[in-house]
Every structure is written in structure tokens, then in C-alpha cells.
Amino acid sequence: MATVREIPTETDFSHAISALPPTTLLIIYFHAPWAAPCKQMSTVLSHLASTYPATAPLAFVSVNAEELPEVSEQYEVTAVPYIVLQKAGQTLDTVSGSDPAKVRAAVEKHAGASGGGALGGGLPPAQTVTKAPSNGANGSTTGSAKNLTAYAPSASDPKTAPEHSSGAQETSKEELFERLGNLVKAAPVMLFMKGTPSAPQCGFSRQMVSLLREKGVRYGFFNILADDEVRQGLKEFADWPTFPQVWVGGELVGGLDIVKEEFENDPEFLREYSVNSQRNTGGPAAPEAQAQPS
């Protein structure tokens, strides 16, 4: 019977993908150890995989979304559990959430029925989870799951750079880069993240906020989910494809792993931007340092 294979590294993921015949249906399961719905989804997928013979032209792989950030960014994973079905490098379908019926329907749609009978009648009921943003027709819905594509900071969040994140007119690359150049200097320390410090929308952003809070660093933030132009443009501007990103003095430091390493290697890292004996959740730069709408 087929099984769900855990992929431990990004190199292993690349090798696993390249080794598959183009006719093989690949089911990629993104999970995180802190997300309760993932425990249910792991059971669902293990059972579903077992209903197919080992010789079936399909493969189930499991990816820790926080341990393999580049893979998660490649598939635009912003919530877990999240499942991608692809063949020959092309995404066929996605499922966000822990509804067994939706998962089985998606797999059988592209792989055919397994003949193993109904999917585990003893499984727990579906749980409501946050929906990953959709960039087009491939996006899927999960009932009452929250739609992050419409996410915007609430009135209770600090009025920092996200206040200027929406723009009705398309801008040229030159204008966009000028805007980004201002945004990365909107505060001495700028965090570009998914969501806000009070409501992070991905595990990596949540970890970065916790790390900066632990170190007592005062920072400004920008919610990239509120402005896709900034989200896509900053990847090229910074030559850095993933989020979150930390900038200091208008210069890119890097993502979560690099910031962690900097703190481990240098106890004085960002000390000049810390608030002594105060815990903070991020805040705005001084008004004169804020980026202005372009």
C-alpha cells in the first residue's frame, strides 16, 4: 500500500520531485506541529494513502511548512493544513483545511477511486482553519474558513506602514522601487510580514514577532497580505524571495533563520533598537520617518 513520506529538507524535496515520472500524481501535505488541525489531517492522509496500492501512479509527501520555508513560499502556503496536488510540475488542485471529504474528493478527481471504500467513518469531524490566500482559479474554499485575501489591519493595530499599503493605480517598476525604498526605511527596524504583530498569518511571521518581542526590539511593520504589489515587488527589490523580512537602516538583514543566527552570534545585535525592560508588539516609526503614499 502507499504511504505518506515525510520530506526533511529542501534538498530532499527537490530530489523527490525530480525523481517522479511525469504521469505520477503528487500530493504535497504542508503541516506544522503547533497546528491542531494538522493532527487530524495526518490521520486522514495516512488512511487515504493506505487505500491505494504501492504501485499506483501517485505519491504522498509531507512537508513541515516552518522547517522548509522556501518550499512553503514556492507554493504560497500561509496556513496549515494545506494540500497541493500536482502532476508534471503543474498544480492541479489545492485544499486548505481539515475536511476529509474535500481531501478525498480532490485526490480521487485526479487519481481515480482507490476502491478502498469510504474514508474512515471513525475520523473526527472537520475543523475550521484559516484559509490560504488564493491567486486565481486554483484557490479552494473551506466552508467557514477565513478568507485572508481580504485581510487588512484592524483599527486596534498600530497605524504604521500598512496604512499606506493600498493603491488603486498600477505603478511603474521605477515608481514601485522608489516606494519600496521609502518603505524599508519607514522605521529604523522594519518587519515585512504576513499579517500584523497582533495577528500573524503564518508560522514564520509568528516566530519572528516572538523573537523580536523576546529581544525587546522596537520595530515598524508592513502587512504584505494587504498589498500584493509590495509583496511581489519586494522579492525583486530585495533579491530575497521569502517572508518575513527584517530590514535595519534601509538594509536587508534577512529572514527568520538569518535573524536567529545574528542573535545567536552577536548578543549586541539590534541592542541599540531595544526598549529596556519593555515588551512590545511592534509599532510605528516616527511620523516623519513613515513612508508616504506614492
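Residue selection: LEU45 satisfies the criterion of being of a type in the set (A, V, I, L, M, F, W, C), over 30 Å from ALA226 (Cα atoms) and modelled with pLDDT of 85 or more. Of all residues in the range 18-31, those that are open to solvent by less than 50 Å² (accessible area, probe 1.4 Å) and either without any contact (Cβ under 8 Å) to a residue 60 or more places away in the chain or farther than 18 Å from ALA54 by Cα (or both) total 4.
Filter the range 208-243 down to the residues that are in a loop (DSSP other than H, G, I, E, B), within 22 Å of GLN74 (Cα to Cα) and open to solvent by 50 Å² or more (accessible area, probe 1.4 Å) and list them by number.
Within the range 208-243, ASP239, TRP240, PRO241 qualify.
Of the residues examined, GLY282 is one that is open to solvent by less than 20 Å² (accessible area, probe 1.4 Å) and modelled with pLDDT under 75.
Sort out which residues of the range 36-57 are in contact (Cβ under 8 Å) with a residue 24 or more places away in the chain, of a type outside the set (S, T, N, Q) and surrounded by fewer than 21 Cβ atoms within 10 Å (Cβ to Cβ), and write them in order of number.
ALA36, HIS47, PRO53, ALA54, ALA56, PRO57
If you filter the range 65-107 down to residues that are among the polar types (S, T, N, Q) and in contact (Cβ under 8 Å) with a residue 40 or more places away in the chain, you find that the one that is surrounded by the most Cβ atoms within 10 Å (Cβ to Cβ) is SER98. The residues listed here are SER274, SER198, SER205; of these, the one that is under 30 Å from PRO81 (Cα atoms) and surrounded by fewer than 24 Cβ atoms within 10 Å (Cβ to Cβ) is SER198. When the range 228-242 is filtered for residues that are in contact (Cβ under 8 Å) with a residue 60 or more places away in the chain and touching a Pro at 6+ places or on another chain (Cβ under 8 Å), only THR242 remains. Applying the criterion of at least 1 residues that are within 25 Å of THR242 (Cβ to Cβ) and of a type in the set (Phe, Trp, Tyr) to the helices (runs of 4 or more DSSP H) found wholly in the range 1-109 leaves 10-19.
Residues that are assigned to a strand (DSSP E or B) and at pLDDT below 85 within the range 158-201 comprise just one, ALA199.
The values are calculated or read from the model by the stated rules, or taken from the named source; none is laboratory data. Small disclaimer: the values here were computed from a predicted structure and weren't measured. Note: ideal-geometry Cβ built from the backbone for every residue, glycine included; neighbour counts use all protein chains shown. Side chains are part of the model used for accessible areas, which takes the heavy atoms of the whole protein and leaves out ligands, DNA and RNA. Shrake-Rupley method; radii C 1.70, N 1.55, O 1.52, S 1.80 Å.
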